[in-house]
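Heads up: the structure comes next, in structure tokens.
Any read-out appearing in this document is the output of simple, stated calculations on the displayed coordinates, not a laboratory observation. Keep in mind that this is a model prediction, so the values were computed, not measured. All Cβ positions, even for glycine, are placed from backbone atoms using ideal geometry, and neighbour counts span all protein chains on display.
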Amino acid sequence: MANCADVLVLGGGPAALCIASELHQRGVAVQGIAPEPVDAPWPNTYGIWVDELKALNLDHLLEHRWSDTVSYFGDGGSAADDEPIAHGKDYGLFDRAALQNHWLQRAVGVVWHRDIADRVEPGSHHTLVTCTSGAVHKARLVIDASGAQSPHISRPDHGPVAGQAAYGVVGRFSTDPISQGRFVLMDYRSDHLSESQRLEPPTFLYAMDLGDGVFFVEETSLALAPGVPYEVLKQRLNRRLAHRGVQITEVLHEEFCLFPMNLPLPDRGQPVLAFGGAASMVHPASGYMVGALLRRAPALADALARALSEASLGSADLARRGWQALWPAELVLRHQLYQFGLGRLMGFNERLLRTHFATFFSLASEDWFGFLTNTLPLPQLMAVMLRLFALSPWELRRGLVLGAAKDQEPGFRR
């Protein structure tokens, strides 16, 4: 059996590296268990609003940054629909290697065991983790940061979990798929779809100019249970591009994403703590999480370092302190509001979704930015939601209060 650690972190992705580095910076004896080397390249891209990183003095971790940030919420049937809505805020794409190295440099000295946690057994004072290799590790506290599918974190069953699915391509194209120097958050134009396809769950284009003739284009579904299949997203992306006379000439990288949007909060009385996707930290309204990791890890690490200084506290007590720090009452209430809103949006057809987002981005930028980043205090969040309701047309108000109309197309009743 390995030496006893203060904290054993499960996972090797952004969430695991983030919390391990913060704990290590506070003098906590941390070890980790990861299925792959923690310095192995990450496959997926991570975007963020630049103001989120500026507030943390971490905007140097960006590889790309755009000031021309727009969305399209028309149906594409008229010239007016081709006029974008400008967001007026800079958007960035992380340099994945720089972000990974940032956390690794802050965690120099942390031992990472390349293995898979098979069984987690909390005891009165320590927790034992048995790995598939047969190795057994012991720690006062285990933090599961291995993702939303972890079998070691219990949570209530509220029915099917909606997933945000996306298929994307980094590549070169016969002609520019979007304007040079531009970032497109959402392009909901659907003039490339047949009438029957418009009755299917809606998807949108997320795209960016990466420079030197390289673009990233991604077809995305907001949320659906079950998630939209990758093949459907790929077909829609190709059809969208072809409709605008664009062909992919070289594929440099394909991206496949599926992550839960309405995962219930974990049982916050369990003796194993979670962080990241395992702790339901994906934003239910936007699907983003890295900003939340960066903002919330320091306070959690502070609380755990204080708790670990009390030698009498066992695994269950330490986990309880951690859950209280990670999910205080206000954040729980905000999460519930976001999940309620997502549940309403999941019932909207394409036309109502376009109307909703056009109305949403007509709010003051500090309001929609705070909403999408989960940085608004609860009273302000409720005020923003009330303003959005007041600005919405009657049919949208009805959908927000009562849910999808009973006579909506069957494709949206999944």
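For the range 172-217, the pair-distance distribution built from all alpha carbon pairs, in bins 10 Å wide starting at 0, is 25, 43, 27, 6 percent. Filter the DSSP H helices in the chain by two things, a Kyte-Doolittle mean of at least 0.5 and an axial alpha-carbon span of 18 angstrom or more, and list the hits by number. The qualifying helices are 290-308, 378-391. For the range 346-412, the alpha-carbon coordinates run over 37, 19, 17 Å along the three principal axes, in decreasing order. Remark: the chain is approximated by an ellipsoid whose semi-axes, taken from the C-alpha gyration tensor as √(5λ), come to 39, 24, 20 Å, largest first.
Dipole orientation for the range 81-215: of the candidates ILE116, TYR167, GLN180, ILE116 has the Cα lying most toward the positive pole (charges on Cβ; Lys, Arg +1; Asp, Glu -1).
Using only the Cα atoms of the range 35-183, build the gyration tensor, take square roots of its eigenvalues as a ≥ b ≥ c, and label the shape rounded, prolate or oblate: rounded if a/c is under 1.5, else prolate if a/b is larger than b/c, else oblate. The shape class here is prolate. Under the shape rule built on the C-alpha gyration tensor, where the axes satisfy a ≥ b ≥ c, the range 183-331 is prolate, since a/c reaches at least 1.5 and a/b is greater than b/c. Ranking of ASP115, ASP187 by neighbouring Cβ atoms within 10 Å, starting from the fewest: ASP115, ASP187.
Qualifying GluC sites (Glu not before Pro) in the range 275-364, where qualification requires a DSSP coil assignment and no more than 15 other C-beta atoms within 10 Å, comprise GLU310. The alpha carbon convex hull volume per residue for the range 106-234 rounds to 204 Å³.
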